[in-house]
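Comments concern the structure below.
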Amino acid sequence: MEIGALGYGKRISAGFALSALFSVIHGAVAAENEFETQFLRKDKRGATPEVFLYHNAVTPGLKDVDLTLNEQFIDRYSILFIEDKNNKTAIPCLSHAFLQQLGIRTELYTGWQRPAEAEGHVDPSTLTVGQCENMTERIPAATIIYDASVQTLSLQVPQEAVKRKDSTMLSPKEWDDGVANLRTSYSGYFYQTKRQKDEGDDSDRISRSAWISLNSTAGAGPWRLFSNDSFSKNEEDGWETNHDSLYLSRGIASARGHVSIGDIFTQSRSAILNNIPVRGVSLATTERMMLDNQFDFSPVIRGIARTNAQVIVRQQNSVIYSTTVTPGAFAIDDLSSARSGADLEVTVEEADGTRQVFRVPYSTLPTMLRPGAMRYSTAVGQYRENNHSDGEPWLGFAAVEYGFERVTLLSTLLTAEKYQSLSAGAAWNLGAIGAFSLELAGASYREEWNNNTDRRGSALRVLFARYFEKTDTNLQVAGYQYNSRHFMDFSDFMSRRNRDDLNGYDYGESGWNLRRRSRTELNLNQGLSHYGNLYFSLSQDRYYRSSEKNSSFTGGGGTQIGPASVSLTWTWTKNGQSKDNQLNLNVSIPFSWGDRQSSAASLNYGLTRNKENQYSQTLGYSGNALDNALNYSANLQRDAGGGTSESLSLGYGTSIGSLNGSIGHSSDMMQFSAGMSGGLVLYSGGVLLAPMLGDTIGVIETPDAKGIRVTGNSSTGTDRWGRTVLSYMTPYRYNTLTLDTTKTEGVELRESSRKVVPTQGAAVLLRFATRVGRRAMVEIRSVKPIPLGALVYVEGEKDEAGIVGNKGQAYLSGIAADREQKLRVQWGEAPAQRCYFLLPPATRAQQAPDNWYQKIIVQCQ
């Protein structure tokens, strides 16, 4: 039901809306015969005539509803619905104070009946009729929509009418932790190589290997247990097991993060100190838990408006933000879609038509946070090396970052037995100059392998970045300076501590002990408009007690020639006295593009020249077909020595996993491989096979309805029991799932769309009510006067099969096609308010998909 701005009207739901159906088949139906069909499904006792009369689709009284404001969930309330005498319908009672409580700026509008109500918390279930306000008459363009099928009351008002809330995340009340489940993603392959026998060898040399990986999750409530394991086999060692990690985790809304116990890693954004594997407990910020505009830095836009004005922010001629402001100074600090580096153009359009335009320089770095944002990480435990922590030192770790208007500060602290380190840094937005960051780190430790000598060292890192919008040039320069050859991060320290061959070893100038003195990096990306792009990358390392330098350079570019993509790359490296360079040319020509991506293919050519001026070439053909279910590639190679080889690979994906295989041949070798991957989900509804699973999934149930697809999901559809797995969902965000029944026959959905906010690692169960069976159009004749809106049931079933419309006509769904069925028509609880009729089995003609609507006349007694 929709309550419009000029009065109260009604929105008819799709799917089971009888009047809409009749308008398609028999022509337009008069408006006075419309009724709220979704609401009818809630009344299992039968209908009374007054419930279904025009403009009386919702009965008065208290109703528990999920209330949303501009599509944002607020809370669940008990709302009083009162009768509107003028429009003969029930409308929600919303008081002036309650609207203010919801965040609506009622002071911008006039005509309120009770504007002087005391502010404070209001319980809408206690409101009286005299306190009700007509919001749609007070606020232009406001609407109220009540969807009884899901008990949702939606308020829509202009954006200027909503008080700004500095929300950092979607309400935890909307979070769905999913159902108890056990699931795993698996992948594995078998690989065999057969080499030709050498002279004097009587047999071919055959080597075989296999590998299996399992990424498993067990979930119950908000808790998740994650396990990562792999198994490998070769000819020499047989099967080996590698248990990579096992940890327990859950989200904590008040902490804006996750607590994890087990095999974890420290989390630091330091450019000098590395993250460390730990077996212990950690508490750290979870960025995905926050809204998109909570972390990435964007400048604060400040200005002054003379009137009620509209502020429009553009970047590279595209509007990225728009809002209205009141007279006086304003500040915009919630930009979320700006492109890093490109300046912002701000236009303030006053109410009198005048404009003021100004530019805001914008430069940022990945470590920068928006003003007021904080990111933290803490951990306590034992150092873990190769998945073992026995005998390893205990450590404590903490890192924090905080954003201000133009600068972000960060610091990292680590303390362990015989090792301590501390880093501090800052990143600045320098406006038109660019962005700059500085970090200083220090470490002190004891060398057990070198007579327990105490060492200290420090390191400095600087970074400058600038995007030149006029020339489309992106420049980044970084420098590292190690002020002492004794600086080590904790990973280097533990590597030396755990090497037995260093015990008692003289701390000399071997390659192992070479310590970096400095490192310089330069990266340049140059856009060439529609001609393509160029890129260059340069780095150089210097070391203490050595005159040798390690240098590398990469340069190249790419362009589009007609449909073909062409790229050229040159790399040069120098490590000590060793030098190497390589030139690569790649050309890719697609054979289908535009709207034909479901069966795309391409011809690919690659040419490589090494430092000896020897050339190798590759010619390949690859593509996909069958709506991307099948992928294939065939390649011919000629190496620098003149040898040739051929290879062929195929992959096929299904709703329960993927299969792949390859075969290769050269003058001295034959290679074969086969593999498979997929997922398995165990929950209260049984066991489901699926493609590879993400960390957050959905389980869809449409009971007994086979072949229903989830829009946008590559799955082939629900299985014979009406189940399928949505392999990937985005945690802490609205995920809208829409079911597609266009390729199914005899299936009706009570609702085809659902919105859910899963927590990280959840397996969300979504059940959709369905009716499976044939459809039929009947004209019910009876000596009893059957009112509009009477319900039709299959005898013995609780859910109604249809609703009586004009002239006794009813659209029925979920009816058995192969046998006679008894149906009941009911419009009240008294025995006199019901009758029964028999529906014969469908004829061959009636079972045809295009003939279901042919009218069947029945007698109801």
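Brief remarks follow.
- Centroid-to-centroid separation of the range 619-684 and the range 226-297 [C-alpha atoms, Å]: 32
- Here each label is just a point 7 Å from Cα along the line to Cβ, and for Ile857 and Ala817 those points are 2.6 nm apart.
- Relative counts (whole %) of C-alpha pair distances in the range 567-667, using bins that are 5 Å wide: 3, 11, 16, 16, 17, 13, 10, 8, 4, 2, 0
- With contacts taken as Cα pairs under 8 Å at a separation of at least 6 residues, the range 189-292 carries a relative contact order of 16 percent.
- Sites Glu548 and Ala432, calculated FRET efficiency, Cβ-Cβ separation with R0 41 Å, nearest 0.05: 0.50
- Fully extending the segment from Leu607 to Gln192 would add 146.6 nm, taking 0.36 nm per residue of separation and subtracting the current Cα-Cα distance.
- Value of [θ]222 nm, deg cm²/dmol, for the chain, DSSP H segments ≥ 4, -39500 (n - 2.57) each, nearest 500: -1000 deg cm²/dmol
- Values of log10 I(q)/I(0), in the order q = 0.13, 0.16 Å⁻¹, for the range 773-859 under a Debye, Cα-only, solvent-free model: -0.37, -0.56
- Binning the C-alpha pair distances of the range 264-343 at 5 Å intervals from 0 yields a P(r) profile of 3, 11, 16, 16, 13, 12, 8, 8, 6, 5, 2, 1 %, listed from the shortest bin outward.
- Compactness of the range 625-677 is given as radius of gyration and Dmax, 13.8, 44 Å, from Cα positions.
- Taking the inverse of the mean 1/r over every pair of distinct Cα atoms in the range 678-771 gives a Kirkwood hydrodynamic radius of 13.2 Å.
- Diffusion coefficient (Stokes-Einstein, Kirkwood radius over C-alpha pairs, 10 °C, 1.306 mPa s) for the range 301-360: 136 µm²/s, rounded to a whole number.
- Every Cα-Cα pair of the chain was included, and the share exceeding 39 Å stands at 61 percent.
- Derived scalar couplings between HN and Hα for the range 657-671 equal x, 10, 10, 8, x, 8, 9, x, 8, 9, 5, 10, 7, 10, 10 Hz in order, rounded to whole Hz, by the Karplus curve 6.51 cos²θ - 1.76 cosθ + 1.60 (θ = phi - 60°), x for Gly and Pro.
- Annotation: average projected area of the range 705-861 is 11.2 square nanometres, based on the convex hull of Cα atoms across all directions.
- With the simple spin-label model, which puts each label point 7 Å out from Cα in the Cβ direction, the Trp570 to Asp244 separation comes to 3.9 nm.
- Residue by residue, the range 152-161 carries 3J(HN,Hα) couplings of 10, 10, 10, 9, 10, 9, x, 4, 5, 7 Hz when phi is fed to the Karplus relation 6.51 cos²θ - 1.76 cosθ + 1.60 (θ = phi - 60°); x denotes Gly or Pro.
- Here's the picture: a label point sits 7 Å out from the Cα of Ala832 along the beta-carbon direction, and within the range 788-802 the residues with their amide nitrogen under 20 Å of it are 788-791.
- What the Cβ-Cβ distance of Ser484 and Asp237 gives, at R0 = 45 Å and to the nearest 0.05, is a FRET efficiency of 0.60.
- Spacing of the two label points (7 Å from each Cα toward its C-beta) at Ile252 and Val783, in nm: 7.5
- Distance between the range 714-786 and the range 422-473 - C-alpha centres, whole angstrom: 54
- Total charge dipole magnitude, the chain, about the Cα centre, Cβ charges on Lys, Arg, Asp, Glu only, Debye to nearest 20: 740
- Of the chymotrypsin sites (Phe, Trp or Tyr not before Pro) in the range 197-305, those whose Cβ has at most 14 other Cβ within 10 Å and which sit in DSSP loop: none
- Residues Trp394, Trp827, sorted so that the one with the fewest Cβ neighbours within 10 Å comes first: Trp394, Trp827
- The value of relative contact order for the chain, using C-alpha pairs under 8 Å at least six residues apart, is 8 percent.
- Arranged from fewest to most other beta-carbon atoms within 10 Å of their beta carbon, Phe358, Phe436, Phe672 become Phe358, Phe672, Phe436.
- Here is the P(r) of the range 193-281: all C-alpha pair distances, binned every 10 Å from 0, give 13, 27, 24, 16, 11, 8, 2, 0 in whole percents.
- The fewest-to-most ranking of Leu99, Leu838 by surrounding Cβ atoms within 10 Å reads Leu838, Leu99.
- Net length gained if the chain between Ala180 and Val281 were fully extended (0.36 nm per residue, minus Cα distance): 34.0 nm
- J(HN,Hα) series, the range 134-149, from Karplus relation 6.51 cos²θ - 1.76 cosθ + 1.60, nearest Hz, glycine and proline x: 8, 4, 5, 8, 7, 10, x, 6, 7, 9, 10, 10, 10, 10, 5, 5
- A Förster radius of 45 Å, combined with the Cβ-Cβ distance separating Ser578 from Thr654, puts the computed FRET efficiency at roughly 0.40.
Rule-based calculations on the coordinates, nothing more; no lab input. The shown structure was predicted, so the numbers you read here are calculated from the model rather than taken from an experiment. We place every Cβ from the backbone using ideal geometry, glycine too, and count neighbours over all the protein chains shown.
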